[in-house]
């Protein structure tokens, strides 16, 4: 999960970047409107509205025109009701007023990601990969027609991967799907993946994508 952090205050930017990286996000800082508009594609934008070379509202409008699905959270000292209305109408999905707690910002990011996931829900069905049959509706798994017993969370991890077989999912995307947070220890996810590989008897089925996460198939 890649976040574009648009903030011209070095102290605030450093603190926010550190918090986000601890949560498993990749962060690209940008201190100006120009840098924000020239940045590589990302999954979510944290946008200060008072920038040294332009109005963050115009940056927000431009980013929204470029991508309707992009998550945008305005993070700013503009605290008036009119400011909030303008920001939201410009395309921001959420609006956080400074000063704020890092815990609140983390919660708002997770809530926005959950809303994005619900906009594109996976259709219930059956996925078959490498001799493994995963019934997402019945929550059952069979390997070569033999049933395999999984814990609830083990199945949830497998289901998260099976909804997009062949696609590398980030650690934080899987943790958000399964634990509804990206703040859980990555070790917890690694333990569940190791258990799945053992129980399925297909160590190669769940592939580790270094620096990213996991891929099914």
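The values are calculated or read from the model by the stated rules, or taken from the named source; none is laboratory data. These figures come from a predicted structure and were not determined experimentally. Because the Cβ atoms are built from the backbone with ideal geometry, glycine has one as well, and the counts that use them run over all protein chains shown.
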Exercise. What single numbered condition from (1) under 16 Å from residue 1 (Cα atoms); (2) surrounded by fewer than 16 Cβ atoms within 10 Å (Cβ to Cβ) fails to hold for residue 194?
Worked result: (1)
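Name the residue that is surrounded by the fewest Cβ atoms within 10 Å (Cβ to Cβ), counting only residues in the stretch 27-43 that are closer than 17 Å to residue 109 by Cα and out of contact with any helix residue (DSSP H, G or I) (no Cβ under 7 Å at 6 or more places or on another chain). Outline the logic, then answer.
Start the filter on the stretch 27-43 by keeping residues that are closer than 17 Å to residue 109 by Cα, which leaves 27-29, 42-43.
Pick out the ones that are also out of contact with any helix residue (DSSP H, G or I) (no Cβ under 7 Å at 6 or more places or on another chain) and you get 28, 42-43.
On the way: 28: 16, 42: 19, 43: 18.
So, considering only residues that are closer than 17 Å to residue 109 by Cα and out of contact with any helix residue (DSSP H, G or I) (no Cβ under 7 Å at 6 or more places or on another chain), the one surrounded by the fewest Cβ atoms within 10 Å (Cβ to Cβ) is 28.
Tell me, please, whether a residue that is closer than 29 Å to residue 8 by Cα and at pLDDT 85 or above can be found in the stretch 117-130.
Within the stretch 117-130, the subset closer than 29 Å to residue 8 by Cα is none.
No: the stretch 117-130 contains no residue that is closer than 29 Å to residue 8 by Cα and at pLDDT 85 or above.
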